[in-house]
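Trainee: Structure incoming, see below.
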Ligand SMILES: NC(=O)C1=CN([C@@H]2O[C@H](COP(=O)(O)OP(=O)(O)OC[C@H]3O[C@@H](n4cnc5c(N)ncnc54)[C@H](O)[C@@H]3O)[C@@H](O)[C@H]2O)C=CC1
Ligand SMILES: NCC(=O)COP(=O)(O)O
């Protein structure tokens, strides 16, 4: 075991900073400064000059030592009080609050290399800092977000991967079935097959990586009052209920469709492990309202483990030292726990 309680048999975590004009660098540096050697083994994929400029801006230069490494394996030899840093080939400049198109290549390189290390078994998991989606779209990035891009990277070896977004916190875990699409497109995108596949992946990853052998899924309706028996919209009865019946027939503990307005209060939450929601904000509003600082974004369905803080780039406070690193800390801790749980399951 390491000083941080880490299991030295596991490969280190690969950490990306996300958008350089956001708080990704701040929260990594602040967490390292606060926790020193109490973190699991990890390394950061970053431009060294950009990261040290942000450390200097935050007044943390004297408290954090960087140790440049050439490969993930070298992270194990880094001093526990130092932050292991694997330099990017693409350079990035430090411009808090203002995205620069020239920084986009480095942001994408960090994700690509972090995923590659996970697929090769040289990193246990990837923990991603938030990206500015519009800034990346402007330089040609063609994926709605990390979730979809990670699936594309993991599918390149031939087996197609369907990604599922999970937001998990101390009081609520929920999955949006449709993710980064306009609200107007949601009804057409919701199909029985998509709901069934999302729930199957969720149940399987809960069993395999999150330590719940028989997860209880609560499936939300789409319309007010879950459609009021078809009087307020037809998707609940025509699409969602048949999906739940199919899931139950194969032994998955799914109930619903439940009216979304009454499924998030404490006694209702006690009846399930994960809420399956029909669109992004139906899931993320309750998750972030209940525990903005502790909720973690996990991508299920991948051959690798990926976690991320629940928040975005917070460019309005980047470089000010006021960003809270708690959700990022929770993302690190959960990635390590999932990696340990997966390794234990593989051990004969
Ligand atoms: N995993 C990812 O890559 C994610 C990326 N985003 C992206 O982030 C960008 C900004 O999104 P917004 O909707 O503005 O959400 P946001 O989470 O960046 O900011 C919303 C508000 O919360 C505050 N905030 C966020 N994180 C904080 C922290 N750690 N400590 C203290 N205050 C914090 C911000 O200052 C802001 O006032 C968008 O481009 C979005 O696509 C959003 C969510 C996740
Ligand atoms: N609102 C959640 C979010 O945008 C996370 O996106 P991703 O980049 O993790 O796919």
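The values are calculated or read from the model by the stated rules, or taken from the named source; none is laboratory data. This is a predicted model, so every value here is computed, not measured. In this analysis, Cβ positions are derived from the backbone assuming ideal geometry, glycine residues included, and neighbour counts consider all displayed protein chains.
Trainee: Check the stretch 53-62 and report whether any residue there is modelled with pLDDT of 95 or more and closer than 22 Å to residue 305 by Cα.
Mentor: No, because not a single residue in the stretch 53-62 is modelled with pLDDT of 95 or more and closer than 22 Å to residue 305 by Cα.
Trainee: Output the residues belonging to the stretch 44-63 that are in contact with a strand residue (DSSP E or B) (Cβ under 9 Å, 6 or more places away or on another chain), free of Cβ contacts under 8 Å to residues at least 60 places away in the same chain and more than 13 Å from residue 27 (Cα to Cα).
Mentor: Residues satisfying the conditions are 47, 48, 52.
Trainee: I would also like to ask the following. Taking the stretch 292-312, which residues are assigned to a loop (DSSP other than H, G, I, E, B) and either in contact (Cβ under 8 Å) with a residue 40 or more places away in the chain or within 7 Å of ligand 1 (Cβ to nearest atom) (or both)?
Mentor: So in the stretch 292-312, the residues assigned to a loop (DSSP other than H, G, I, E, B) come out as 292-295, 301-305, 310-312.
Once the filter is applied, which keeps residues that are assigned to a loop (DSSP other than H, G, I, E, B) and either in contact (Cβ under 8 Å) with a residue 40 or more places away in the chain or within 7 Å of ligand 1 (Cβ to nearest atom) (or both), the stretch 292-312 yields 294, 295, 301, 302, 303, 304, 305, 310, 311, 312.
Trainee: Are there any pairs, at least 6 apart or on different chains, whose C-beta atoms fall under 6 Å, with the first in the stretch 109-134 and assigned by TED's automatic domain parsing to the domain that holds residue 21 and the second assigned to a helix (DSSP H, G or I) and away from ligand 1 (no atom under 16 Å from the Cβ), and if so, which?
Mentor: 117/72; 122/72; 123/72; 123/117; 124/339; 125/339; 126/118
Trainee: Okay, moving on. How many of the residues in the stretch 180-204 are within 15 Å of the chain's Cα centre (by Cα) and either at pLDDT 95 or above or surrounded by 24 or more Cβ atoms within 10 Å (Cβ to Cβ) (or both)?
Mentor: So the answer is 1.
Trainee: OK, next. Regarding residue 291, is this residue over 30 Å from residue 257 (Cβ atoms), more than 10 Å from ligand 2 (Cβ to nearest atom), modelled with pLDDT of 95 or more and surrounded by fewer than 24 Cβ atoms within 10 Å (Cβ to Cβ)?
Mentor: Numbers: over 30 Å from residue 257 (Cβ atoms): no; more than 10 Å from ligand 2 (Cβ to nearest atom): yes; modelled with pLDDT of 95 or more: yes; surrounded by fewer than 24 Cβ atoms within 10 Å (Cβ to Cβ): yes.
So residue 291 does not fit the description; no.
Trainee: A follow-up question, please. Looking at the stretch 100-189, what strands (runs of 3 or more DSSP E) fall wholly within it and have at least 1 residues that are under 28 Å from residue 236 (Cα atoms)?
Mentor: In the stretch 100-189, 164-168, 173-176 are the strands (runs of 3 or more DSSP E) which contain 1 or more residues that are under 28 Å from residue 236 (Cα atoms).
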